[in-house]
Amino acid sequence: MSTNLSKIFVARLIGLDVFDPLGDRLGRLRDLVVLLRTGGRGQTMARPIVVGLVVEVLGKKRVFVPMTRVTSIDADQVICTGLVNLRRFEQRGAETLAVGELFDRTVVLLDGSGTATIEDMAMQQVGNRGDWQISQLFVRRSVTTGGLIRRRGETMIVDWEDTDDPSNAGHQPATQWISQHDEDQAADIADELRGMPEKRMLEIAAELQDERLADVLEELPEEHQVFILTNLGNDRAVALLEEMDPDDAADLLNELPPEEAEKFITMMEPEDAEDVRRLRTYEEGTAGSLMTPVPIVLSPEATVAEALAHIRQEEIIPAAASAVLVCRPPLETPTGKYLGLVHTQRLLRYPPPEAIGNLIDRSIEPVSDQASLEDVARELASYDLTILPVVNDANRLVGAVTIDDVLDALLPDDWRTYDDGTPIRKVGKRYE
């Protein structure tokens, strides 16, 4: 293997393009796989061996590339042979992810000066075979004030042998990991969490902001949603449920034992709890069980300018932003009489002062909250819609079903992965 660098810091490699010898791009480097080794009796920890790369290829699939396939590494790119197994990467045995599992771990400095947090690590080629090893750590020394450990302290580079085994750490912060993935879509973060040990999954979840974690939870399989929600503490769990779309929160609560679900609902804000309770009364597979109770609802007197202002709100998902639903007051669901909808495309063709009551499309019939999933899907397909209003027996709007929720319900439970376990992107969720 050739390299222009005698020592390479791992953080600088993450995100680099990986090419084959002909210059064709294989994917993007996402992590390194290392093997942690114990020293002999009375010896310090042996340096970890870097055994391969985790490369994200087309379709967001993550595959393993052995270091024996890597022919060149520099500051701009990684080159390897074209012989890459495209099976989805899964950790085995003692394999550890450098960024995913070692960054942010606390180590004890063997010179007796205290503890430090791993922020980066350096690898070097050694020996006749040219094996790559983790040789040094870039750490931030912990500063203790009044008996409490403060994260900010001096930084330094220490040899691996001058620290204890980071795999023995207890709680591990996720500050570095979250920083590395700050611009990732919620679905991408969910894909990474799916393959992590439960302990690390919880550590990352604990440090994500409520709104961000709520988005990630909506992209995870139900068993992972339940695991995270029930292991973060009641107050945090309730905060997440309030951040989630009401229909997603109701679906998640339906996976919990009834008494536990009722406990969380009771702790929620009354307005949020009311939406969730109402959704949970509908039989599974009906329009009422699929709908969101908070679509964009305006009175016929509202102007085009007001309607577009509501559509531009960041929290509105694309499917729900395709139309404004027009009703008589009250405008909170269940509303007054449902009048019809106005397509966003039509709003763009009229001047801002125009009343939306003059633009209503009355040809699109709403569906009953008791309509079947098949009926809802047929209506959406027949009229090329991404959103469909839902009304009760009194013709009051109670919500709207969006195309992403219908697809979610129609596809099998394991739809998020291909047969080989490769993640599939979820449609219709909010953009970051």
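The values are calculated or read from the model by the stated rules, or taken from the named source; none is laboratory data. Source: prediction; values computed, not measured. Positions of Cβ are generated from backbone atoms using ideal geometry, with glycine treated the same way; all protein chains shown enter the neighbour counts. Side chains included, ligands, DNA and RNA excluded: accessible areas come from the protein's heavy atoms. Shrake-Rupley method; radii C 1.70, N 1.55, O 1.52, S 1.80 Å.
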Quiz item: When you scan the stretch 274-294, how many residues do you find that are in a loop (DSSP other than H, G, I, E, B) and either touching a Ser or Thr at 6+ places or on another chain (Cβ under 8 Å) or open to solvent by less than 20 Å² (accessible area, probe 1.4 Å) (or both)?
Solution: 6
Quiz item: So, of the residues in the stretch 50-68 that are surrounded by fewer than 18 Cβ atoms within 10 Å (Cβ to Cβ) and either of a type outside the set (A, V, I, L, M, F, W, C) or under 13 Å from residue 125 (Cβ atoms) (or both), which turns out to be nearest to the chain's Cα centre (by Cα)?
Solution: 60
Quiz item: Quick check: is even one residue across the stretch 266-275 closer than 24 Å to residue 405 by Cα and either touching a Cys at 6+ places or on another chain (Cβ under 9 Å) or touching a residue at least 60 places away in the same chain (Cβ under 8 Å) (or both)?
Solution: no
Exercise. Considering only residues that are open to solvent by 40 Å² or more (accessible area, probe 1.4 Å) and either touching a residue at least 40 places away in the same chain (Cβ under 8 Å) or hydrophobic (A, V, I, L, M, F, W, C) (or both), look in the stretch 373-391 and name the one that is nearest to residue 295 (Cα to Cα).
Key: 386
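Every residue, every condition in (1) exposed (fewer than 15 other Cβ atoms within 10 Å of the Cβ); (2) in a helix (DSSP H, G or I); (3) not acidic (Asp, Glu), yes or no:
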{"position": "183", "(1), (2), (3)": "yes, no, no"}
{"position": "188", "(1), (2), (3)": "no, yes, no"}
{"position": "224", "(1), (2), (3)": "no, yes, yes"}
{"position": "236", "(1), (2), (3)": "no, yes, yes"}
{"position": "252", "(1), (2), (3)": "no, yes, yes"}
Quiz item: Could you count how many residues in the stretch 1-25 are of a type in the set (Val, Ile, Thr), closer than 18 Å to residue 127 by Cβ and either modelled with pLDDT under 90 or in a loop (DSSP other than H, G, I, E, B) (or both)?
Solution: 1
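Mind listing whichever residues of the stretch 141-163 are open to solvent by 30 Å² or more (accessible area, probe 1.4 Å), in a strand (DSSP E or B) and modelled with pLDDT of 90 or more?
155, 156, 157, 159 - these are the residues of the stretch 141-163 that are open to solvent by 30 Å² or more (accessible area, probe 1.4 Å), in a strand (DSSP E or B) and modelled with pLDDT of 90 or more.
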Quiz item: When you scan the stretch 313-348, how many residues do you find that are of a type in the set (A, V, I, L, M), touching a Gly at 6+ places or on another chain (Cβ under 8 Å) and assigned to a loop (DSSP other than H, G, I, E, B)?
Solution: 2
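Could you check how many residues of the stretch 192-209 are outside any helix (DSSP H, G or I) and modelled with pLDDT under 90? Talk me through it step by step, then tell me what you get.
Step one: list which residues in the stretch 192-209 are outside any helix (DSSP H, G or I), which gives 195-197, 208-209.
Now drop any that are not modelled with pLDDT under 90, which leaves 195-197.
So the answer is 3.
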Practice problem: Could you check how many residues of the stretch 72-113 are more than 18 Å from residue 49 (Cα to Cα), open to solvent by less than 70 Å² (accessible area, probe 1.4 Å) and among the acidic types (Asp, Glu)? | Solution: 2
Practice problem: Taking the options 292, 286, 281, name whichever one is among the β-branched types (Val, Ile, Thr) and more than 19 Å from residue 380 (Cα to Cα). | Solution: 281
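For residue 271, indicate whether it is loosely packed, with under 15 Cβ neighbours inside 10 Å and either more than 19 Å from residue 372 (Cβ to Cβ) or modelled with pLDDT of 95 or more (or both).
Values: loosely packed, with under 15 Cβ neighbours inside 10 Å: yes; either more than 19 Å from residue 372 (Cβ to Cβ) or modelled with pLDDT of 95 or more (or both): yes.
Taking the combined requirement at face value, the residue satisfies it.
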Self-check item: Of all residues making up the stretch 295-312, the number that are surrounded by fewer than 19 Cβ atoms within 10 Å (Cβ to Cβ) and in a loop (DSSP other than H, G, I, E, B)
Solution: 4
Self-check item: Options 276, 326, 294; residue that is of a type outside the set (Phe, Trp, Tyr), touching a Pro at 6+ places or on another chain (Cβ under 8 Å) and farther than 26 Å from residue 408 by Cβ
Solution: 326
Quiz item: Can you pull out the residues in the stretch 256-268 that are surrounded by 11 or more Cβ atoms within 10 Å (Cβ to Cβ) and not β-branched (Val, Ile, Thr)?
Solution: 256, 260, 261, 262, 263, 264, 267, 268
Exercise. Would you mind telling me which numbered condition in (1) at pLDDT 85 or above; (2) within 24 Å of residue 136 (Cα to Cα); (3) open to solvent by 30 Å² or more (accessible area, probe 1.4 Å) residue 28 fails?
Key: (2)
